[in-house]
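Worksheet: the structure to be examined is printed underneath.
The values are calculated or read from the model by the stated rules, or taken from the named source; none is laboratory data. This is a predicted model, so every value here is computed, not measured. Backbone-built Cβ (ideal geometry, glycine too); neighbour counts: all protein chains shown.
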Amino acid sequence: MKNSKKDRHLKAAQQVLASLGLPRAQHNERSALCLLALLDLTPGKPWSQAGNPLIGITPIMNWAREHYAKDYAPNTRETV
């Protein structure tokens, strides 16, 4: 995996999930994308500019598609 801004944010988010003590099964890309969406951390945006938007499951999925090119099917909402 190349070391792009997207990749760095995803890896950092996975490290945050681990340091928060979440189960190992939650240290995955999907959970990292959810965290990044909840913080509105788009690629290249520094962590110091993290936000706190009120966002639901479908908007999280749309956000992941728009900013990280990760497309989840509508029937995977429960997984997200």
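Being closer than 25 Å to residue 75 by Cα, modelled with pLDDT of 95 or more and assigned to a helix (DSSP H, G or I) is the filter here; which residues of the stretch 32-58 pass it?
Answer for the stretch 32-58, where residues must be closer than 25 Å to residue 75 by Cα, modelled with pLDDT of 95 or more and assigned to a helix (DSSP H, G or I): 32, 33, 34, 35, 36, 37, 38, 39.
I want to confirm something. Restricting to the stretch 40-79 and keeping residues that are of a type in the set (Ser, Thr, Tyr) and crowded, with 18+ Cβ neighbours inside 10 Å, which single residue is farthest from the chain's Cα centre (by Cα)?
Taking the candidates together, the pick is 72.
In the stretch 22-44, which residues are without any contact (Cβ under 8 Å) to a residue 12 or more places away in the chain and within 21 Å of residue 5 (Cα to Cα)?
none
Here are some residues: 18, 37. Which one is surrounded by 12 or more Cβ atoms within 10 Å (Cβ to Cβ) and within 10 Å of the chain's Cα centre (by Cα)?
Testing whether each residue is surrounded by 12 or more Cβ atoms within 10 Å (Cβ to Cβ) and within 10 Å of the chain's Cα centre (by Cα) leaves just 37.
So, in the stretch 60-73, exactly how many residues are touching a residue at least 12 places away in the same chain (Cβ under 8 Å), part of a helix (DSSP H, G or I) and not β-branched (Val, Ile, Thr)?
5
Residue 32: farther than 17 Å from residue 15 by Cβ and of a type in the set (A, V, I, L, M), yes or no?
no
Any idea which of (1) in contact (Cβ under 8 Å) with a residue 40 or more places away in the chain; (2) in contact with a Ser or Thr (Cβ under 8 Å, 6 or more places away or on another chain) is the one residue 14 doesn't satisfy?
Here residue 14 meets the rest and fails (1).
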